[in-house]
Structure formats: structure tokens, C-alpha cells
Amino acid sequence: MVTAVLLGFLYALCLVFFGKFLKGRASVLSTLVPGGIFVYFAGFIPRISAGETVTQVYEWVPSLGANLTFHLDGLSLIFVLMISGIGALVFLYTSYYLKGDVYLDRFYGYLAMFMAAMLGLVLSDNVISLFVFWELTSITSFFLIGYKNKDAGSRKAAMIALAVTGIGGMLLFAGLLIMAAVSNTFSIQEMINSGVPFPDADWYLVILFLILGGAFTKSAQFPFHFWLPGAMKAPTPVSTYLHSATMVKAGIYILMRFTPALGNTPEWNNTLMIVGGITMLYAAFHTLFRTDLKSILAYSTIAALGILVFLIGIGTEAALIAASVYILVHALYKATLFLITGIIDHETGTRDVTKLRGLGKVMIPVAIAGFLAALSNAGMPPFFGFIGKDLIYEASLRATDMNVWLTAAAVITNILLLYAGYLVGIKPFLGKPSPDFAEAGMPHPLLWTPPFLLAIGCLLFGIFPGMVENALIRPAISAMGAVGFEFHLMLWHGFNTVLLLSAGTLVSGAVLCYFLRPSSRMEAGITKLEWVAPISLFERFYAAFTNFAYYWTRFFQNDYLRYYILTIMTFLVILIGYNLLTGVHLYIDFHSLKEVTIYEMAILGIMVVAIGYTVFTQSRLAAVASMGVVGYAICLIFVFYSAPDLAMTQFAIDTLTVILFVLVLYRLPKYLKLSEMRSRIRDGALAITFGLLITLLALEVLSEPVNRETTEFYASNAYLMAKGKNVVNVILVDFRGIDTFVEISVLVIAAVGVFGLLKLRLKKSEIE
């Protein structure tokens, strides 16, 4: 499985060197990557449907408990098949949709990395690796949403999406770490199956807040939903892949995965039902006022995500079955509608539903796909959506508390979603062709084939629901703890309340489609209320925080290094002085200290003279030279105490520092203009106080008994464990290799930044 997960990253890496060869007709070959992954994971269906699970462990950082552990069960199988299957169709669609795009290889690279990150997320059994992949989805989606980087709207949408999902990622990571601490394991399966009663833990409410915060931000739940409509600035393949079938369902996956461990409590169930219910009603209501096809689909997607959270909140076996089925239902019809929207935009140049009509006469396959997807969205038999909506109503009716209100909310939401599906999948193809789109014609097969195949799936799985029942749905609900629950997916359950509700939904939705016409005036009316919308509140908070950061930075980060040092030293003096005055007593055993030799006194005298000369001289070059003398004096101290390696390092650094200072200061005036006497007295007093405190602390440390346990460990294990005879080098490279790696990374980032500044060529207007 690790090869399948990392294949997307490897493919993106190859595009760096060979991407130019995939900008023409060869771009279709990119479909082989997700297609091959889909075939690979489809091969696990017999084993998973038989009740097996597959686990593979690859040691990553075993000392920290961070391993690449991949676990494939019924729940993760649904997601990996959606990610790779719809991904293959999106890759195929992109090959023509972005044909001729100068950055097509870059787009494929981002898309492949996102696919790999999503696969890693849903397959990870280690909370550390899960978080890594979770953040990778946010980062790669940032690049995909902001793909049109010359457009200010795209850049803003990408930043908002990254900010919201990034904050949620931090919340999720904190929650996962607390769960790991409570259960004493980093393995998700061990957390769930260990029998640890998380609801009885003292940290349960904190865990709940953090996990739900991460899931709600990623899956666009109210009031964090606003990033998703803004993300529609991305190209249609991105909207299809990220915002209908994959990334926005990452939060849903987290909720489903941790339902056995955290669910079945009033706090869990009520929170999810309330948030999901508000989200689905709020978003579905907004679809009535939108005229842009992608905006309509964005809000209908938020509503569908709300339905899923709502069902997980109900938490019964019937609700979990409904959620598992609805994930597939929504992915099929919503991906179809998004791809159709891209075709309409590609051929007509507009997504305004008030202007589109009569396209069915020139886009017959697209119109058929749109009709099929819209009917599945509406819940019309014999489509897969009919089964999904029936299961939703059955779950809400079986809820023990407030089942009437829960069912009413579900019915209203589905009526409004029916209307949204009609606007996107049916209305643009009805009526007489508009003369404004006389040039619109039959799209290329690479455009209409992917949505047509997805639409066929909407019908096929509805007529033959057994195809997914045993292969996907039963293993999925089993993974969520619903073991032994009997059910059968079928179109006909007889005349009952659920059938009546389904019929009422269809009739009410049809009436709404007949009487309500989308208009710009309605959209303008709802726009007047945006000042109280969550996005407006977020933007006002952002503006206030930006102003605060500006003044804070102007005060502390004022471009004067001397003030930075002054602030740091003042803080340390206050902190250490406060501890000394409030009970921390220093113990200095002067008898344990060695006598000071004449050599050391001579070196100390040289250092005092050099420091004094540095402070009081008015020549820059003389100050630099005297500081060099101080450095060389320290080198001699290292030599006296048998540390020649440190002495050589100090000598090289001081020599280089003096040379660099001289080169930097060469063109400046030779003489210093010293600050006023009051500032010099202040700085001198602070420096003397700080030096005295550090001296006292150093003497205190020297008076403490020496513990050589760490020294002996490194000395005895340096060669045995790391095969190195230089203990210092072994510590840096092996025992503290992560620290060294981070330091190297910081230097590389700084070097890349400096190189970028050196290569930067700004226009005169940009400089001004």
C-alpha cells in the first residue's frame, strides 16, 4: 500500500523533470496513475467484504512512535475507491479542459500530490502520519485553489481556505495527541479496540472540542463553511475533485472513524445533530438565491456535508448505513454536476443560470448526464439517490428523540437540494437555444465521457444496489462498530411512511422548480445580509487582527537590533531576578572551584582591556579588531581546558567574523557617532547586571554534583550503535539527527530566500 500512497508524490516529482512532455496529447497518460491505484485497491474488495482487514507497518521514526502504518478496512476502502476512481476521471477530464495551459504539468503535479495525501489520510493508522497527510491536503489544496495566481480573488480564496483548514488541523492534532496520551498508543485501531472508555476520561470534552473543530473546519460546517464557496475560484477539475468527492469529506471520515471511540454520548450526538442540521438547512436555503452554477453547487455541497454530520450525530445503525450510502450517492451525482458545469462554462463562457437555456440540442450526452445526475440528486426511483434519501428518512424517523423535527429538517433540505440539482443539471438544457451561445457545440469526448460514466453509475447502483451493499456498505458500517446489524439495500420497501416522505419531497421539489425562477434581484437581496454572515465576521476579525499585528510589530520589530537585544536582556534580568527574590537561593561552593592560574588571570586581563576598548573607542574598525581579540582570548581558554576542537572552531569563526565585519563596514564612515550619555549608562547598567546574573548562575552550576550518566551513555554507545569514533559528531548526526536535520532545513530555506532576493528583478514601478 505504501507504493500506492506515495505514487502520487513520485509522479509529481517526475513532472518536475519531464512535465513538458505531458502538455500535449500525452497528458491523457496521467490518467494511468489514479486509474492504476483504483484497480489495485479494487482488488481488495473480496477480502474486505469477507470481513478481513489489511494492515502494513513501515517504521518511520519508531523512537517517537511515528510509523507509516496503513490500515485498509471497509470504511477506508470506500474513500480510497472514491479518491482514485473519481480522480482518474478528473485527470482524464483535465487533459482536454486545460488543454494548452502553460502550467498543465504543474497542475497535474498538485493534483497528484493531493490525491496521494488524501489516500494517506484515509489509510493512516498512526495519528502522527494521519496529521502529516491531513496538513498535506490543506497545502496542496491551497495551490490548487490558487492555481490562477494572477487573479486576486483566487489568491484570497486560497488564503482563506488555508487559514480555516490550517487552524482546524492544529485543533485535530492536539485532540489526537490527547487521545494517544489517554490510550497510551498512537495507533488508531488500538485506540478504538483497546476498550479505553474515552467518554469517562477527564479530558473527554476537550478531546471532543478539538476533534470536532478539526472535522468541522475541513468539512465546511457552519460557521466555518464560508471558505468552500470562495474556493470555487479554482478550475472546475479542482472543484469536482476537492470540493465534492474528496477533501471536504476528510472531516466526515474523521467523524466516522472515531465514532466507536467517542460516539454514543449526548455531547457527541447532540453537537453533531445541531451543527449538521443548521449547516444543511442554512446551505440548502442559500441555493435558492444563487445564479452562478458553481456557487449553487458549492452551497448544495455544504448542505450534503451537513446531512452526513447530521446522520453521524443520530448515531444509530440505520443512520450509519444512511451516511455510508449517501457518501457514494453524493460523490457520484455531485462530481457529475461539477464536470457538467465546467463543460457549460468551457463551451459558452458563462455559468449564469439565468442566461443558459437550450443547450440540450447541441450537447446531447452532456444533457443526458445532467438529467441522470439531477434525478439521482432528487431521489427519483430507480436511481441510487432514491435509496440514499429513503435511508436518510428512515434514520431520522427511527431516532428516539425529536424524530418528527429531525425528519422535517431532512425533508426540507432535500426539497431545496432537488431545486439546486434542477438548476444545474436540467434547466440549462431545456428550452430554445439562446442566440448568445450560437457557437456552442458538441464538446470533446474527453470532456463529456467522465460525467456520463458517473451519471451511469447513479442509475446502475440504483437498479442493482447489491453491487455496493456487500462489497462496500456492510464492511464500512462494521468498521464503525455496527456489527451484526441486518439490512438490505433495495428500491421497494412497500407502502410506508418513508415512501410517503419521498413522494412528498419529489412533488414539493417539482412545484418549487415550476414556480421559482432564479434571478439576479434575489441574489442581490441576500447579498445585503452578508454583513452578518460568518465570512464578514471572519474578515472583520482578520482586519482587526492585522491592525493589531501591525502596531505590535512596529513597536517590537522596529528594525533596530540594539532594541531587540535590549528587550530580550531586560526580560531575562527581570525573570531571573524575580526568581532570586522570591525564594530561589543560590548555593555556591567556592571551595569546590579550582584556583585561578596566572595564565587565566592574564587572559582575563586581556579580555577586560579589549572589551573596554570596544565600548569606548570611536573607531568602527578598532572596535571590530578588539572584539576579535576577545574571541581569540576565549580560544586560549578552550586550549587551557583541553578542548582543542572547540578552540579551532572558535578561532575559525572569529577570524571569519572579523573579516566579514570589516568588509561590511568598509564603506561606512570610519568613526562612530556614539549615543547620548543617558542611553550609554542604561545599556552599561543592563549589561553589567545581566553579566553578574549569568556569572552567579554559572557558579551555581559548577557547584552542583556532576552527573556523568549522559556522558557515559554517549561514550559507550557512540561506536557500538552508530559506528563512529568521534562522540561529538555521532551525537550531532545520529543521536540528535532530527535537530541537525531541522537546523540544516532552516539554513536551506534561508539560502533559498537569499537566492530568490538576489535573482529578483523588480520593475521601477514596483520599487516605487
*When you look at PHE495, is it open to solvent by less than 60 Å² (accessible area, probe 1.4 Å), out of contact with any strand residue (DSSP E or B) (no Cβ under 6 Å at 6 or more places or on another chain) and not in a helix (DSSP H, G or I), yes or no?*
no
*Do we find a residue being open to solvent by less than 10 Å² (accessible area, probe 1.4 Å), in a loop (DSSP other than H, G, I, E, B) and either free of Cβ contacts under 8 Å to residues at least 12 places away in the same chain or out of contact with any strand residue (DSSP E or B) (no Cβ under 9 Å at 6 or more places or on another chain) (or both) anywhere in the range 296-315?*
no
*Taking the range 3-21 on its own, how many of its residues are open to solvent by 30 Å² or more (accessible area, probe 1.4 Å) and either under 20 Å from LEU68 (Cβ atoms) or of a type in the set (A, V, I, L, M, F, W, C) (or both)?*
12
_Subset of the range 22-44 that is in contact with a helix residue (DSSP H, G or I) (Cβ under 6 Å, 6 or more places away or on another chain), of a type in the set (A, V, I, L, M, F, W, C) and within 17 Å of PHE70 (Cβ to Cβ) - its residue that is surrounded by the fewest Cβ atoms within 10 Å (Cβ to Cβ)_ = PHE38
_Selection from the range 316-336 of residues that are touching a Leu at 6+ places or on another chain (Cβ under 8 Å) and either more than 24 Å from MET490 (Cβ to Cβ) or among the charged types (D, E, K, R) (or both)_ = LYS334, ALA335
*asked:* Looking at SER49, SER27, can you tell me which residue is of a type in the set (S, T, N, Q) and in contact with an Asp or Glu (Cβ under 9 Å, 6 or more places away or on another chain)?
replied: SER27
_Residue, most open to solvent (accessible area, probe 1.4 Å), within the range 545-567, restricted to residues that are under 29 Å from GLU700 (Cβ atoms) and hydrophobic (A, V, I, L, M, F, W, C)_ = ILE565
*With GLY166, GLY195, GLY153 as the choices, which residue is surrounded by fewer than 21 Cβ atoms within 10 Å (Cβ to Cβ) and on the phi > 0 side of the Ramachandran plot?*
GLY195
*Among the residues of the range 660-668, is there at least one that is surrounded by 11 or more Cβ atoms within 10 Å (Cβ to Cβ), closer than 24 Å to THR695 by Cα, in contact (Cβ under 8 Å) with a residue 12 or more places away in the chain and not charged (D, E, K, R)?*
no
*Can you spot a residue in the range 470-478 that is surrounded by 12 or more Cβ atoms within 10 Å (Cβ to Cβ), free of Cβ contacts under 8 Å to residues at least 40 places away in the same chain and under 28 Å from LEU77 (Cβ atoms)?*
no
*Of (1) within 27 Å of the chain's Cα centre (by Cα); (2) without any contact (Cβ under 8 Å) to a residue 60 or more places away in the chain; (3) not in a helix (DSSP H, G or I), GLY85 satisfies all except one. Which?*
(3)
*Single residue of the range 578-596 satisfying the filter (of a type in the set (Ser, Thr, Tyr) and without any contact (Cβ under 8 Å) to a residue 40 or more places away in the chain) that is surrounded by the fewest Cβ atoms within 10 Å (Cβ to Cβ)*: THR582
*asked:* Please go through the range 197-216 and give me each residue that is of a type in the set (Gly, Ala, Ser) and under 20 Å from GLY251 (Cα atoms), ordered by number.
replied: GLY213, GLY214, ALA215
*Look through LEU375, LEU308, LEU356 and report the one residue that is touching a Lys or Arg at 6+ places or on another chain (Cβ under 9 Å), at pLDDT 95 or above and of a type outside the set (Ser, Thr, Tyr).*
LEU308
*Could you check GLU523 against (1) in a helix (DSSP H, G or I); (2) closer than 30 Å to ILE694 by Cβ; (3) touching a Ser or Thr at 6+ places or on another chain (Cβ under 7 Å) and say which number it fails?*
(2)
*Counting only residues that are over 25 Å from THR689 (Cα atoms), give me the helices (runs of 4 or more DSSP H) lying completely in the range 540-651 with at least 3 of them.*
620-640
*surrounded by 11 or more Cβ atoms within 10 Å (Cβ to Cβ) and touching a Pro at 6+ places or on another chain (Cβ under 9 Å), is that true of PHE651?*
no
*Kindly indicate which of PRO428, PRO443, PRO433 is on the phi < 0 side of the Ramachandran plot and open to solvent by 20 Å² or more (accessible area, probe 1.4 Å).*
PRO433
_Positions within the range 280-295 being within 17 Å of LYS528 (Cβ to Cβ) and not in a helix (DSSP H, G or I), in sequence order_ = ARG290, THR291
*In the range 55-90, which residue that is open to solvent by less than 20 Å² (accessible area, probe 1.4 Å) and among the aromatic types (Phe, Trp, Tyr) is modelled with the highest pLDDT?*
PHE79
_Enumeration of residues in the range 92-114 that are aliphatic (A, V, I, L, M) and either modelled with pLDDT of 95 or more or open to solvent by 10 Å² or more (accessible area, probe 1.4 Å) (or both)_ = LEU92, LEU98, VAL102, MET113
*Do we find that LYS725 is open to solvent by 90 Å² or more (accessible area, probe 1.4 Å), in a loop (DSSP other than H, G, I, E, B) and closer than 24 Å to ARG562 by Cα in this structure?*
no
*Checking THR570 against (1) within 23 Å of GLU700 (Cβ to Cβ); (2) modelled with pLDDT of 90 or more; (3) open to solvent by 60 Å² or more (accessible area, probe 1.4 Å), the condition it does not meet*: (3)
*asked:* Taking the condition of being in a helix (DSSP H, G or I), closer than 21 Å to ASP73 by Cβ and over 28 Å from the mean Cα position of the chain (by Cα), how many residues in the range 23-60 meet it?
replied: 5
*Please verify whether the range 664-686 includes one or more residues that are over 30 Å from THR570 (Cβ atoms) and either touching an Asp or Glu at 6+ places or on another chain (Cβ under 6 Å) or at pLDDT 85 or above (or both).*
no
*Which of the residues spanning the range 322-371 are of a type in the set (S, T, N, Q) and part of a helix (DSSP H, G or I)?*
SER324, THR336, THR341, THR348
*Index of the failed condition, ASP645 passing every other in (1) open to solvent by 80 Å² or more (accessible area, probe 1.4 Å); (2) closer than 22 Å to VAL608 by Cα*: (2)
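So that you can scan it fast, the table gives a plain yes or no per residue for (1) more than 18 Å from ILE252 (Cβ to Cβ); (2) in contact (Cβ under 8 Å) with a residue 12 or more places away in the chain; (3) assigned to a loop (DSSP other than H, G, I, E, B):
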residue	(1), (2), (3)
TYR110	yes, yes, no
LEU130	no, yes, no
ASN149	yes, no, yes
GLY153	yes, yes, no
LYS156	yes, yes, no
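The values are calculated or read from the model by the stated rules, or taken from the named source; none is laboratory data. All values reported here derive from a predicted model rather than from experimental measurement. Heads up, the Cβs are rebuilt from the backbone with ideal geometry, glycines too, and the neighbour counts pull from every protein chain shown. The protein model used for the area step is the full one, side chains on, heavy atoms only, and it has no ligands, DNA or RNA in it. Shrake-Rupley method; radii C 1.70, N 1.55, O 1.52, S 1.80 Å.
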